[in-house]
């Protein structure tokens, strides 16, 4: 469900652009990269803007709900980015007309689209916006004329059940080993039958 919510947040922005309700489209919609400056370097100045990235942040306390299911408050961060090579102010304020939005406008639009949105998913509680802030510009961001805003989202999600039902007690573990090939061993490996096998009884 966590990854599904992350993708659904980006889908809301994509659908708004496709329906022309914003006057512009987000041209990059992705999961937030692990190292953003490295990511910018790999783009070699070819990043398509405006852009937005979403990433899971944390899962809060989990509670039992009716039927023995669990729910948890999930927190996500949506980062929106504008680019303008005129000056720093233009990256935040935008240019002339809706087709050249700044990061402030991107954030406001995203908040309006996502607030109280169920994302088309069976959420326990819809999306709420808990804050937004300007992201401090790094040298890589300055070089590419970018301004970023980070928006924190919260929603309560159901935590999926185990697909196999009751997992039972962990009383025995079975392990197989394949010995590294040597001599006249012919692939493919591993073989249909393991070279060594063992059953480990877990003390109860």
At R0 = 35 Å, FRET efficiency that the Cβ-Cβ distance of residue 118 and residue 202 yields, to 0.05: 0.25
Packing rank of 3-14, 133-144, where each peptide gets the mean count of other beta carbons within 10 Å, highest leading: 3-14, 133-144
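Take the Cα pairs of region 2-159, get the Kirkwood Rh, then feed it into Stokes-Einstein at 4 °C and 1.567 mPa s and tell me D in µm²/s.
80
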Ranked packing of 112-125, 70-83, most packed first, by mean Cβ within 10 Å: 70-83, 112-125
Point-to-point label distance, residue 57-residue 87, nm (Cα→Cβ direction, 7 Å offset): 3.2
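Could you calculate the FRET efficiency of residue 128 with residue 35 from 1/(1 + (r/R0)^6), where r is the beta carbon distance between them and R0 is 25 Å, rounded to 0.05?
Taking R0 as 25 Å, the efficiency between residue 128 and residue 35 is 0.30.
We did not get these values from a lab; they are worked out from the coordinates using the rules stated. Bear in mind the structure is a predicted one, so any value in this text is a computation, not a measurement. Note that we place each Cβ from the backbone using ideal geometry, even for glycine, and neighbour counts take in every protein chain shown.
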